[in-house]
Amino acid sequence: MALVSSRGITIAGPIPGSLAKYCTGKMMYVNVAVCLSVFLLVIGLSIGLSINNFKGSNALDSAPLIDGHNDLAYNLYALLNNNLDKFDLTKNLSDDKIWGMNACNSCYTDLPRLRKGKVGAQFWAAFVGCDSQYKDAVQLTMRQIDVIKRLVNKYPNDLQFVTEADSIEEAWKNGKIASMIGVEGGHSMDSSLAVLRLYYELGVRYMTLTHMCNTPWADSSLVNDSAVHNLTEFGAAVIYEMNRLGMLVDLSHVSHNVMRHVLLRTKAPIMFSHSSAFSVCHNYRNVPDDVLHMVKKNNGVVMVNFYSGFVNCNSSRNATIQDVVDHINYIRNLIGADYVGIGADYDGVSSMPEGLEDVSKYPDLFDRLYESNVNPRWTKEELEKLAGRNLIRVFKAVEEVRDTLAKSEHPRQDIINARDIYNAEVDDNIKPGLCYTGKEWKDLNQTSATY
């Protein structure tokens with residue numbers, strides 16, 4: 001005999017035979033109160049055990065863990081010049097002579113550890129250094145997009161290339177890690193909306209507006225509270241074109257002022273693919289409180305970075321998993337659990353907190369969050385949102401804006417003023433126009449076009 005709810009769900013297991021006879025026999029009319037007490041006790045024990053057995057990491061079994069930023073592709077370039085014949089993602093590379101932690105202090109990723117970490121989806125970063133700006137940034141970025149797509153194709157049993165929000169959970173439910181591309185740094189588009197559009201056609205679904213260098217149209221976090229360009233009119237055109245395309249605008253790496261300018265202009269929710277909370281650690285790569293409130297109003301998401309230098313500003317001690325917990329809890333407490341996600345930055349940095357040493361450690365973070373002393377406590381639903389449902393919501397909203405704008409807007413034809421590039425190159429001690437032959441350069445005054 002089992003206790004069954006009105007919806008047909010068994011809420012307590014079989015009742016022992018002697019108890020069933022006792023409760024269903026002649027004495028039941030005399031002992032109704034006793035029977036009900038026993039039933040309630042069984043229900044209470046069942047529910048109590050269910051609650052007590054829940055761990056935060058269980059949320060990763062009911063929602064895909066989506067990490068906003070992993071730089072494995074850059075390590076493939078740096079170590080192997082993108083030769084995938086020399087790379088085996090299926091092996092645990094922890095002790096590998098090239099990829100192991102003793103050989104490579106920024107290598108944290110392989111399939112065994114991704115699986116142990118319950119990763120359901122990953123934005124792989126197509127990153128090229130700032131030293132390529134005004135030179136071969138586009139060509140090098142194309143090579144990084146190419147190696148990401150080749151990597152995904154090489155492991156079809158484990159990875160699936162995804163370009164739409166709805167496909168993320170579909171891939172995850174099929175046992176694949178949904179794999180997406182984000183271009184890290186606006187210098188990769190070489191101030192050309194045409195290049196931006198072609199990146200989208202190749203499958204790029206977010207672009208970080210800057211890296212650790214200004215572009216001619218947007219300032220990076222390096223300017224701190226000052227400004228060089230802020231966000232120029234061409235920079236605004238970049239935002240509008242990304243909105244029209246359905247490409248996520250990523251504000252990690254930009255200055256605090258550019259964050260504010262973009263949030264005032266964008267027509268779609270934005271993301272921070274790998275940034276933490278400025279109030280917890282005063283590093284300008286992190287997001288200040290007023291911007292966090294703007295993110296909430298925008299319905300965007302801040303995907304928290306794990307890098308030791310961004311989560312712990314106390315140089316007297318090492319960063320730990322608790323520092324990351326503190327950043328996530330701070331954002332949740334300030335603006336709510338609907339606007340925070342995970343963007344660890346594995347393979348892009350040389351130091352990770354104790355307890356988050358590689359991509360296998362995400363479950364430990366979710367367990368720690370669920371156990372953390374916060375009021376109110378984390379719920380399973382909130383942990384699922386943190387894991388990936390917030391990012392999916394933002395992604396879908398960006399696609400909805402794209403579909404709406406498609407009815408009324410055409411591709412923008414803005415061309416950046418060559419003078420803006422000229423001045424930016426002078427600021428960077430580069431001979432202006434050395435690598436440019438476009439028509440707009442002919443419009444510059446001949447005397448100012450010579451170094």
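The values are calculated or read from the model by the stated rules, or taken from the named source; none is laboratory data. Fair warning: this is a prediction, and the values are worked out from it, not measured in the lab. Every residue, glycine among them, receives a Cβ derived from its backbone with ideal geometry; neighbour counts consider all protein chains shown. To get the accessible areas, we keep the full protein, side chains included, count just its heavy atoms, and leave off ligands, DNA and RNA. Shrake-Rupley method; radii C 1.70, N 1.55, O 1.52, S 1.80 Å.
Rounded to the nearest 0.05, what FRET efficiency do residue 116 and residue 338 have when you use their Cβ-Cβ distance and R0 = 30 Å?
According to the calculation, E is roughly 0.60.
Tell me the carbon and sulfur percent of the accessible area for the chain, rounded to whole percent, probe radius 1.4 Å.
C and S fraction of accessible area: 51 percent.
Is the chain rounded, prolate or oblate when judged by the Cα gyration tensor, a ≥ b ≥ c being the square roots of its eigenvalues, rounded requiring a/c under 1.5 and prolate requiring a/b larger than b/c? Don't skip to the answer; put the middle values down first.
Details: a/c = 2.33, a/b = 2.10, b/c = 1.11.
Judged from the Cα gyration tensor, the chain comes out prolate (a/c at least 1.5, a/b above b/c).
Can you list residues whose amide H is under 5 Å from residue 249's amide H, if they're 5+ apart or on another chain and H is modeled 1.01 Å from N?
The list, which skips near neighbours in sequence, is 271.
Amide H of residue 65: which non-local residues (sequence gap of 5 or more, or other chain) have their own amide H closer than 5 Å, using H built in the peptide plane?
Hits under the 5 Å cutoff: 120, 121.
Per residue of the chain, what 222 nm ellipticity follows from adding -39500 (n - 2.57) for every DSSP H run with n ≥ 4, rounded to the nearest 500?
Working: 17 runs with 177 residues, N = 451.
My calculation for the chain gives -11500 deg cm²/dmol from helical runs alone.
What full-extension length gain, to one decimal in nm, is calculated for residue 83 and residue 317 as 0.36 nm per residue of separation minus the Cα-Cα distance?
Extra length available between residue 83 and residue 317 comes to 80.4 nm.
Give the peptides 242-254, 114-126, 394-406 in descending order of average Cβ contacts within 10 Å, highest first.
By packing density, highest mean first, the sequence is 242-254, 114-126, 394-406.
Please identify every one of the GluC sites (Glu not before Pro) in region 149-196 that sits in a loop by DSSP and has no more than 14 other beta carbons within 10 Å of its own beta carbon.
Values: sites: 164, 169, 170, 184; in loops: 164.
Within region 149-196, the qualifying GluC sites (Glu not before Pro) (loop, at most 14 other Cβ atoms within 10 Å) are 164.
Between residue 410 and residue 95, what is the FRET efficiency for a Förster distance of 60 Å, r being their Cβ-Cβ separation, to the nearest 0.05? The partial results should precede the final answer.
Numbers: r = 54 Å, r/R0 = 0.91.
Taking R0 as 60 Å, the efficiency between residue 410 and residue 95 is 0.65.
Given labels modelled 7 Å from the Cα in the Cβ direction, how far is it in nm from residue 426 to residue 140?
Here the modelled spin labels are 2.6 nm apart.
Using the structure shown, select from 149/380; 135/176; 361/385; 385/407; 135/361; 55/176 the pairs with a Cα to Cα distance greater than 28 angstrom.
Pairs exceeding 28 Å: 149/380; 135/176; 385/407; 135/361.
Could you list which residues have their amide H under 5 Å from that of residue 254, counting only those 5 or more apart in sequence or on another chain, with H placed in the peptide plane?
210, 221
Using protein chains only and a probe of 1.4 angstrom, how many square angstrom of residue 422 are accessible, to the nearest 10?
Accessible surface of residue 422 is approximately 30 Å².
Using a probe radius of 1.4 Å on heavy atoms only, what accessible surface per residue do you get for the chain? Whole Å² is fine.
Per-residue value: 44 Å².
If packing is taken as the average count of other Cβ atoms within 10 Å, what order do 351-360, 372-381 fall into, highest mean first?
351-360, 372-381
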